[in-house]
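What follows is calculated from the coordinates using simple rules that are stated; it is not laboratory data. Please read all numbers here as calculations on a predicted model, not as lab measurements. Neighbour counts run over all protein chains shown; Cβ positions are idealised from the backbone, glycine included.
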Amino acid sequence: MAGGVVNIIGMGISAYSAVQQGRSAAAQAKQQAAWDDYNAKVAKREADAERKASDFEATQQSRAAKQLLARQRALIGASGVTPEGSPLLLAEDTAEQLAIEGANIRTTGERRVGAWTSRSILDTAKARAARASAPGYQKAGYLRAGSSILQGASRYNYMRSQ
């Protein structure tokens, strides 16, 4: 008889433990979802900040390029040299290099924005997955508890029949 009582107590403890593990895992999944949501918001803010910084840098570079080209034209004009031949080639090359620099600034900014945006999307997906898994963890805990109860009852009945 004492063995049967111990078996029932063990079965109860095992079932309770399984339920608590399921609840704990569900709570952890919900907490992870909250962190992933937070990280997604931070990444989105970083993408927005990067976009603004990149736009500002591109605007500054464009402004500086226009000033440089104007200064170059003024110096060529002040020197009395006609803006053809070598001076024209120099002006064209300078304009081309400045355009490449501007394109590089914009491309680099777009890549950074894309990286932060991708991170935000990934974190949002991770949060959704964690939230979706939480009920499953809790159900699994209940199923393990039910399994423990059935195993304990089976053992108890076996012991009684002996």
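Computed from Cα positions, the angle between helix 86-161 and the longest principal axis of the chain comes to roughly 0 degrees. Roughly how tilted is helix 2-79, in degrees to the nearest 10 and between 0 and 90, from the longest Cα axis of the chain? Approximately 0 degrees, to the nearest ten. Roughly how many Å is it from the Cα centre of the stretch 71-129 to that of the stretch 16-34, as a whole number? A separation of 51 Å, based on Cα centres. All Cα-Cα separations within the stretch 1-135 were binned at 10 Å from zero, giving a P(r) of 11, 20, 15, 13, 12, 9, 7, 5, 3, 2, 1, 0, each value a whole percent of the pairs. GNM remark for the chain: springs join alpha carbons under 10 Å apart, and the peak mean-square fluctuation among Gly22, Gly12, Gly141 falls on Gly12. Any idea what the relative contact order of the stretch 2-161 is, in percent, if you count C-alpha pairs under 8 Å spaced at least 6 apart? Relative contact order, the stretch 2-161: 57 percent. Ordered by the number of other Cβ atoms lying within 10 Å of each residue's own Cβ, fewest first, Lys44, Lys52 fall into the sequence Lys52, Lys44.
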